[in-house]
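The values are calculated or read from the model by the stated rules, or taken from the named source; none is laboratory data. Small disclaimer: the values here were computed from a predicted structure and weren't measured. Each accessible area value is taken on the protein alone, full model and side chains, heavy atoms only, with ligands, DNA and RNA left out. Shrake-Rupley method; radii C 1.70, N 1.55, O 1.52, S 1.80 Å.
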Amino acid sequence: MIAVISDDFTGAAEIGGIALRNGFSVTIDTSVNSNYDCDVLVIATNTRSLCKADAQKQIKKVTQELLKLNPDFIYKKTDSLLRGKVGDELIAQLEVSGKKKVLLVPANPLLHRTIVDGVYYINKIPLMESNFFGDDFAKGATSNVLDMIGNDYKDQSFSISLGQEMPHEGFIIGNTLTNEDLMAWANLIDETMLPAGGASFFNAILRKIKSERKKTVSSLTFGKKALYLCGSNYQPSREVVRKAKENGACVSYMPSTIFCANNYEEIIQKWSNEIIKIIQKKDKVVIAIDELECEGVEDVSNKINDIFGVLIKKVLEKVSLEELLIEGGATAYSIIEHLGYKKFYPEQELSQGVIRMEIEQTNKMHLTLKPGSYQWTKSIWKF
């Protein structure tokens with residue numbers, strides 16, 4: 001069995017889709033248990049949203065528990081843009097695993113995310129000049145991967161190209177321009193290394209291990225009653241919601257004044273009643289964020305995710321859904337915590353990063369996830 005630790009829920013789902021694509025059976029869980037019957041086990045954490053100390057504590061605990069299962073190896077799924085606490089988590093995992101070095105390959109050439117001579121590029125533009133995710137990086141951050149991994153680990157990090165001599169320990173960040181480079185890095189993995197990086201590198205590793213496995217593709221039978229939750233600030237995602245509304249979709253935006261009240265429980269209740277009526281009448285509803293009055297409100301992102309979790313729980317107490325579609329890893333994690341869902345079985349990879357799953361705790365509804373920066377597949381975005 002191959003084990004994977006992901007720092008967010010949509011990343012875990014994306015790994016699950018890649019395992020399916022390569023013919024592997026896969027289970028996604030939010031904690032480590034003792035009984036699994038699968039080729040790939042993915043543990044979905046929410047460490048990207050935690051402070052350094054809590055993130056490292058959770059990574060150490062999960063790694064220790066996975067090692068007891070004697071997996072073939074443990075892969076650390078990171079954000080492809082190295083957001084989050086990548087260095088902090090990797091050093092914690094190294095300490096527990098007993099490995100001396102990390103081979104970190106976060107690039108995704110198919111999405112034009114490449115690393116050349118230690119510089120991260122988006123569409124051939126240095127990352128910090130691209131404005132791709134400006135708000136997610138500290139002011140003054142550079143596009144150099146040795147800076148992105150964190151100042152605490154810069155002295156033990158190395159930007160290495162294929163063919164160069166490998167350091168014996170530390171963080172080895174692979175320069176990656178093409179998919180062929182990904183495969184070449186996968187072929188260099190040995191028992192002394194902790195493999196880590198994005199979904200594309202994991203795909204290359206699986207192709208190397210069992211390239212002869214037969215791919216299984218199941219047809220999509222999409223349920224009638226569906227709720228789409230689109231809470232991303234990513235402009236293309238907001239544009240999808242806008243166009244859907246123009247084409248007749250029922251869109252229910254988060255009340256703009258929800259943070260103006262001392263207790264927004266009453267507002268959430270009223271909003272959930274509105275959504276329930278739409279589902280009962282129209283079968284499908286899109287929940288999204290437009291404009292919010294939140295000046296002076298601390299920790300807005302986490303509060304928004306908590307509101308979504310409370311909201312979806314209230315809705316599901318009154319109506320049955322066949323499809324729940326969520327955009328964004330932190331949002332999805334908040335919702336499954338409120339609903340008490342823990343174990344998932346990826347069933348279909350609808351497009352890269354868009355994964356439809358069965359939920360162990362209910363056989364009535366499928367859960368589909370996608371990262372905020374990926375595109376929804378047209379096959380499910382129909383009203």
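A few comments on the model shown:
- Straight-distance crosslink candidates among lysines, where the alpha carbon sits under 16 Å from residue 52 and sequence neighbours closer than 8 are dropped: 60, 61, 85
- Reported to the nearest whole Å, the Cα centre-to-centre distance from region 302-361 to region 157-187 is 36.
- Where 351, 237 fall by accessible area, highest first, once all protein chains stay in place (1.4 Å): 351, 237
- C-alpha long axis of helix 265-282 to longest principal axis of the chain, angle in °: 80 degrees
- Antiparallel content of DSSP bridges confined to the chain, in %, to 5: 30 percent
- A Gaussian network model of the chain, with springs between Cα atoms under 10 Å, assigns the largest mean-square fluctuation among 372, 296, 197 to 296.
- Remark: region 256-374 carries 46 Å² of accessible area per residue (probe radius 1.4 Å; ligands, DNA and RNA excluded).
- Between 0 and 90 degrees, the angle of helix 235-246 with respect to the longest Cα principal axis of the chain falls at about 30 degrees.
- For residue 168, the solvent-accessible surface with a 1.4 Å probe is about 150 Å², rounded to the nearest 10.
- Surface exposure of region 1-131, expressed per residue as accessible area with a 1.4 Å probe, stands at 36 Å².
- Across the accessible surface of the chain, with the other protein chains kept in place and a 1.4 Å probe, carbon and sulfur atoms take up 46 percent.
- Sequence of 183, 365 from largest to smallest accessible area, 1.4 Å probe: 183, 365
- For residue 314, the lysines whose Cα falls under 18 Å of its own Cα, not counting residues fewer than eight places away in the same chain, are 225, 270, 277, 281, 284, 303, 364.
- Straight-line reach from residue 210: taking Cα to Cα under 12 Å and skipping same-chain neighbours fewer than 8 places apart, the aspartates and glutamates in range are 39.
- In percent, rounded to a whole number, the relative contact order of region 15-119 is 20, using alpha-carbon pairs under 8 Å and six or more apart.
- The mean sequence distance of close C-alpha pairs (under 8 Å, at least 6 residues apart), as a share of the length of region 256-383, puts its relative contact order at 21 percent.
- List 1, 148, ordered by accessible area with a 1.4 Å probe, largest first: 1, 148
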